[in-house]
1. How many angstrom separate the Cα center of region A:87-143 from the Cα center of region B:77-100?
2. Just the ratio, please: alpha-carbon radius of gyration of the protein assembly as shown over 2.2 N^0.38 Å, N its number of residues.
3. Which of the aspartates and glutamates could be linked to B:K55 by a straight reach, that is with a Cα gap under 20 Å, when you skip same-chain ones fewer than 8 residues away?
4. What is the minimum Cβ-to-axis distance for chain B, in whole Å, where the axis maps B onto A, and to which residue does it belong?
5. How high is the relative contact order of region A:92-219, in percent, counting Cα pairs under 8 Å that sit 6 or more residues apart?
6. Of all DSSP beta bridges in the protein assembly as shown, what percent run antiparallel (nearest 5)?
7. For B:D122, place a label point 7 Å from Cα along the Cα-to-Cβ direction in every copy; what are the distances to the other copies, in nm, shortest first?
8. Count neighbours as other Cβ atoms within 10 Å of each site's Cβ, and list the trypsin sites (Lys or Arg not before Pro) in region A:136-201 that are DSSP loop with at most 15 such neighbours.
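The values are calculated or read from the model by the stated rules, or taken from the named source; none is laboratory data. Because the structure is a prediction, the values reported are computed rather than measured. Counting neighbours? That spans all protein chains shown, and the Cβs are built from the backbone with ideal geometry, glycine included. Please note that ligands, DNA and RNA were not included when accessible areas were found on the heavy atoms of the full protein model with its side chains. Shrake-Rupley method; radii C 1.70, N 1.55, O 1.52, S 1.80 Å.
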2 protein chains.
Amino acid sequence: MARQLFELYGTDPARVFSPFCWRSRMALAHKGLDFDSVPWRFTEAARLAFANYDKVPVLVDGDAVVVDSFAIAKHLDAAYPDAPSLMHGNAEPYAFIGAWTDTVLHAGVAGLVVSDIPPLLDAADSAYFVQSREARFRKPLAEVTAGREDRLPAFRASLLPLRHALRGRDFLGGAAPDYADYTVFGGFMWARSVSPLPLLEADDIIHAWRERMLDLHGGMARRAPCFGA
Amino acid sequence: MARQLFELYGTDPARVFSPFCWRSRMALAHKGLDFDSVPWRFTEAARLAFANYDKVPVLVDGDAVVVDSFAIAKHLDAAYPDAPSLMHGNAEPYAFIGAWTDTVLHAGVAGLVVSDIPPLLDAADSAYFVQSREARFRKPLAEVTAGREDRLPAFRASLLPLRHALRGRDFLGGAAPDYADYTVFGGFMWARSVSPLPLLEADDIIHAWRERMLDLHGGMARRAPCFGA
């Protein structure tokens with residue numbers, strides 16, 4: 001059986017927008033591993049029963065069923081030690097980078113683009129998404145993103161640690177990308193896949209890094225459907 | 001010649017308060033390496049001419065003169081590969097943790113405690129410190145920290161990535177501390193060494209981690225002079 005990555009989709013069968021799925025698809029590409037992307041939607045929890053999980057990404061790799069993007073990255077390094085390494089034998093510091101990405105980058109992106117997502121989903125998923133996210137934000141999604149252009153400077157300021165970390169090197173991994181880059185890049189691919197809002201200014205060192213990330217692995221991310229941002 | 005670490009001091013010959021010096025002294029303890037702490041003060045740049053540098057920490061280790069705390073950590077791993085590792089052969093992701101610490105934790109701590117520092121310095125250093133920091137903040141230091149109790153909740157909220165990263169494990173390094181822990185811990189030792197302000201609430205997972213850090217290496221950090229915070 002071919003390697004399968006269950007990923008979140010909306011109505012467009014080519015538009016992967018989950019930041020966590022982007023972490024895993026970039027990680028697979030980094031290892032040089034082919035995979036079939038299996039479309040999964042928010043309301044299809046039952047289809048992941050085999051994995052005893054209710055979220056994606058889920059990787060089916062031979063006999064291994066691996067849930068959670070971080071666990072998938074660890075699995076790939078353990079199962080394919082001869083392929084280029086993602087975390088170089090020590091996953092611990094990458095957990096901090098994941099924690100920053102989840103709590104700062106993703107939280108910031110959500111507040112800027114969450115209202116762009118429902119139109120990309122089918123009716124059942126859209127209803128689920130709006131209800132669950134409005135419960136989380138405690139307000140209508142249109143209110144969450146209202147005035148977002150005015151909040152871009154504060155969002156960009158929140159990326160200062162990333163900006164500092166990129167000083168003097170091409171990737172968070174150093175001369176070459178590693179799982180630190182894929183972890184953070186997923187957040188930008190999420191925004192790019194669902195929203196026309198330009199998150200970054202063109203003279204931002206983060207913008208140049210994102211361009212390099214888009215070019216990796218034969219331009220895999222650059223070719224993905226986006227709104228031009 | 002014994003190993004020497006040039007560190008920042010004020011008038012108290014026991015009170016090391018630079019967060020970067022704390023990174024290096026904890027790193028040396030982690031490696032099990034003795035060192036003599038050489039007191040250095042802000043206005044003694046000329047005494048570092050041998051290192052072609054104007055800041056501390058500076059490590060003199062046999063024939064090696066190493067400046068900058070991150071470079072010191074790399075040097076220690078390279079020079080003492082058989083001692084417990086600080087960065088496990090891959091320093092890159094630790095640079096991100098350093099960038100977060102410098103731009104979020106240190107910036108937050110500075111805004112809360114900077115006015116507590118001048119009384120700990122001798123006259124020449126105090127004048128230098130006040131002048132240079134007021135230029136940086138563009139206001140008197142007493143104004144920088146005014147109303148600081150009211151800003152503690154926002155400061156604590158800014159530590160959310162650290163809080164998430166510590167979930168389910170004792171240290172950022174996993175089951176044992178590594179240079180990720182020492183990098184962040186330096187910021188807390190800076191605050192603790194100069195100010196009575198209680199940065200953390202007692203039920204914060206970060207507080208429990210800081211307690212564990214204070215106990216490491218025979219309680220080296222816990223024994224250091226502090227204001228009880």
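1. Taking the Cα centre of each part, region A:87-143 and region B:77-100 sit 32 Å apart.
2. Details: Rg = 23.8 Å, N = 458, 2.2 N^0.38 = 22.6 Å.
Ratio of Cα Rg to 2.2 N^0.38 Å: 1.06.
3. The qualifying aspartates and glutamates are B:E7, B:D12, B:D36, B:E44, B:D63, B:D68, B:D102, B:D122, B:D125, B:E134.
4. Taking the axis that maps B onto A, the answer comes out as B:P93, 2.
5. Details: 89 pairs, mean separation 39.5, N = 128.
Relative contact order here is 31 percent.
6. Values: 18 of 28 bridges.
Here the antiparallel bridges make up roughly 65 percent for the protein assembly as shown.
7. 7.7
8. Values: sites: A:R136, A:R138, A:R148, A:R151, A:R156, A:R163, A:R167, A:R169, A:R192; in loops: A:R138, A:R167, A:R169.
Hits after loop and neighbour filter: A:R138, A:R167, A:R169.
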